[in-house]
Structure formats: C-alpha cells, structure tokens
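**Student:** Here it is, the structure, as structure tokens.
Every read-out reported here was derived from the displayed coordinates using simple, explicitly stated rules and does not represent laboratory data. Bear in mind that the values here come from a model prediction, so they are computed numbers and not experimental data. Note that we place each Cβ from the backbone using ideal geometry, even for glycine, and neighbour counts take in every protein chain shown.
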Amino acid sequence: MTREDRIAALKREAEQRILILDGAMGTMIQRHKLNEAGYRGERFKDHQRDLKGNNDLLVLSQPDIIRDIHSAYFEAGADLIETNTFNAQSISQADYGLEDYSYEMNVAAAKLAREAADIWTEKTPDRPRFVAGAIGPTNRTASISPDVNNPGFRNVNFDELVEAYATQTRGLIDGGADVILIETVFDTLNAKAAGYAVEQVFDEMGVELPIMISGTITDFSGRNLSGQTPEAFWYSMKHLRPFSMGLNCSFGAEQLRPSVDEMAHVTDTYVSVYPNAGLPNEMGEYDETPEQMATLLKDWANDGLVNIVGGCCGTTPDHIRAIAQAMAKYKPRQVPEVDHALRLSGLEPFVHG
C-alpha cells in the first residue's frame, strides 16, 4: 500500500472499531539488561560520552531488539505502533553528544517500525497495521523556568524547539511513518512548537499526515505541568485539526479517568488514551496486571469515552493483548457535534456563545 492508501485505511478502521496502540518501549528494552557496551554497539564503541540509557540510539546500535519489540506488540493485537523516537531530537540527544544523529535516528526508527507493520499487514490483510512517528516533549520546558531563583529564565526557546522538531519530523516522514504523534505533552508551549514544526514540514515536503496529540497530567489536580486543564489544552491545540486528542502516562487508568472523561465530552475528534500500568511502587516498578488494566479500560469503552487505547509505562505485550481482547466487544466513541462558539484557553477554558 502507498502511504495515502494506509492513511485512508486508518481512517476507515477508526470509524469501525476501537484501535489498539502499543505499550511501553522502555519497559521492554529494560528486559534486555543492556550494559554500556550494549548501548554502544559496534558503531559507537569509541564515542566519548556514556550512552547507557539512550534508548533512542538502539535503532542504530541494536536494531534487532527494537524490531522484535515492535513485532511482539503487533502479535499481541496492536494496530498502531510508536517509533522508538521519544527523545530522538537534537535537544535531548545533546546530552549524549549525538545531536547530529537526530535525523538518521528518526529515519532508522520509522523504517524498523514500517518493516514490522508491513510484515503484519501481509499476515492479516483484513487488518492493516500502522506506524505512528513519536515526538516526545524534549527534556526542556519553554514556559517554565528551571531556576527557582530566576522565574524569567528559559533554557530553550520556541524557535529552538521548532528547529529540533522539524528535523525529527522530516526523518519520521522519510522513514515511512503514517501518523505524527506529539506525545506526553507536559508543557503546552512545547506542543505548540511541535505542531508548528510539523505543519511547516508538511508544507515543505508536500505531504500531510494525520496528527495525534497526547498530553500528560502531572498531579491529581488534573492539570499538565504548565497548568492547563484537559479542556483548556484541547482549545490550545485544536487549530492543528488533529486526528486524535488524548492523554498518556500520568497515572494508572483509575486515576486518569476523570481527565479522560472531561476530554471526551468536549473534543470533536477521536480520543486516545494510554495510561501507565498503575502507579509506581516503592521500587519505581508498575504492578497493575494485564487483567486489572483491561478491566478498568473496559469500563471506559463501555461508557463511550475512547477511540484509541494502549499502554504507557510498565505495560507489555501481555497488557496490550488483554486490552485488545477487552476492547473488541465495544464500539468506538461517537465523535460529538460541538456547537460553534468562541473557545479560548488560559489555564482554564473560556467558552463564549
């Protein structure tokens, strides 16, 4: 299939059923217990900075591991898999001295995911599989000072974010992504820079892919780090006309439900959600079993809140398999008709008319 055919197929599938996103990449990488040499591989064995923990680099140094993880999620029932590119932009890669490899990482990551998706589409032609090019939040925030003694200080600006995100987007498109996923948004200004960069690259390359946006709630107040409620966040981002809007990471499904419920009732596009496998325990591990997580998410589907469902931190192919089986019984959320009105956003939403 051409990319245009795949995008058309994705839209058809989303009308008919709840789509399944994959689970955690980092959780699966940790199972391999890679040491410094493992992260470096042969190509980067002489690199002058430590590379252990740079999961995005593995698309270049250990591609077989990443390919196998993608395949495991497809085998478990995922329709969409995310590229292993959460931090594959120059701002985050600068910590490892690898900022010049950003474009190459994204191309390689998208090709690995594309290869796995095409293999599984061939196995199940009645159920095509898709690749979401993942764009993470970077390790900097554009709207909050990292220095408590200097509230006006910023260690990144909008233009720097746009440049980094644009390079990443070019790589994801060139590698074969079907969708661009701006995910784990904790700062709305970062997300707006990502959206601007993505649309700029679309114009430059003469392509237009569906955009998925997924924010993250930072505490039980139900707001992101820059202070917005889910409804206000939606009004800040709806100019991108996203294919889906949603939430990921944050908490487990039980704690995330109120925020998802809020978004589902105001968003006139598809709603995605991929929570953690519960809250981390004292050791930083996630204890929610596949069955527990699937049971909680089943209630969301039964109440008509979701269109795309997957897992974030702590989830595995077993979690995705249980979620996929649970979602198969339910129809996707019906996108509501939202009355025309002036809708503005600060930290809170404002609707006039």
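**Student:** Rounded to whole Å and ordered largest first, report the semi-axes of the equivalent ellipsoid of the chain derived from its Cα gyration tensor (root of 5λ). Walk me through the intermediate numbers first.
**Tutor:** Details: eigenvalues 153, 127, 87 Å².
Largest first, the chain gives 28, 25, 21 Å.
**Student:** Rounded to whole Å, give me the distance from the Cα center of the stretch 303-322 to that of the stretch 104-144.
**Tutor:** If you average the Cα positions of each part, the centres end up 17 Å apart.
**Student:** Rounded to whole Hz and in sequence order, give me ³J(HN,Hα) for the stretch 190-201 from the Karplus expression 6.51 cos²θ - 1.76 cosθ + 1.60, θ = phi - 60°, writing x for Gly and Pro.
**Tutor:** 4, 5, 5, 5, 5, x, 4, 4, 4, 5, 4, 5
**Student:** Here's a follow-up. Considering only A14, A109, A194, give the residue with the highest GNM mean-square fluctuation for the chain, with springs between Cα atoms whenever their separation is below 10 Å.
**Tutor:** Between A14, A109, A194, it is A14 that shows the largest mean-square fluctuation.
**Student:** Do any trypsin sites (Lys or Arg not before Pro) in the stretch 250-353 lie in a DSSP loop with no more than 16 other beta carbon atoms within 10 Å, and if so, which?
**Tutor:** Details: sites: K298, R321, K329, R333, R343; in loops: K329, R333.
Passing sites in the stretch 250-353 are K329.
**Student:** Determine the calculated [θ] at 222 nm for the chain from helices alone, applying -39500 (n - 2.57) to every DSSP H run no shorter than 4 residues and normalising by the residue count; nearest 500 deg cm²/dmol. All intermediate terms of the calculation are to be shown ahead of the outcome.
**Tutor:** Values: 13 runs with 151 residues, N = 353.
So the calculated ellipticity at 222 nm is -13000 deg cm²/dmol.
**Student:** Do the alpha carbons of any pairs in K123/K329; K11/K298; K11/K238 sit beyond 20 Å of each other, and which pairs? Kindly include the intermediate steps, with their values, before the conclusion.
**Tutor:** On the way: K123/K329 23 Å; K11/K298 23 Å; K11/K238 18 Å.
With Cα atoms farther than 20 Å apart: K123/K329; K11/K298.
**Student:** Output the peptides 225-236, 146-157 sorted from most to least packed, where packing is the average of other Cβ atoms within 10 Å over each peptide's residues.
**Tutor:** Details: 225-236: 22.5, 146-157: 10.8.
Ranking, from highest mean packing down: 225-236, 146-157.
**Student:** Moving on. Do any trypsin sites (Lys or Arg not before Pro) in the stretch 1-86 lie in a loop, going by DSSP, with at most 12 other beta-carbon atoms within 10 Å of their beta carbon, and if so which? The partial results should precede the final answer.
**Tutor:** Numbers: sites: R3, R6, K11, R12, R17, R31, K33, R40, R43, K45, R49, K52, R67; in loops: R17, R31, K33, R43, K45, R49, K52.
Loop-located and lightly packed - R31, K33, R43, K45, R49.
**Student:** Now for a different question. Which order do peptides 201-213, 162-174 fall in by mean Cβ count within 10 Å, highest first?
**Tutor:** Working: 201-213: 17.2, 162-174: 23.2.
Final packing ranking: 162-174, 201-213.
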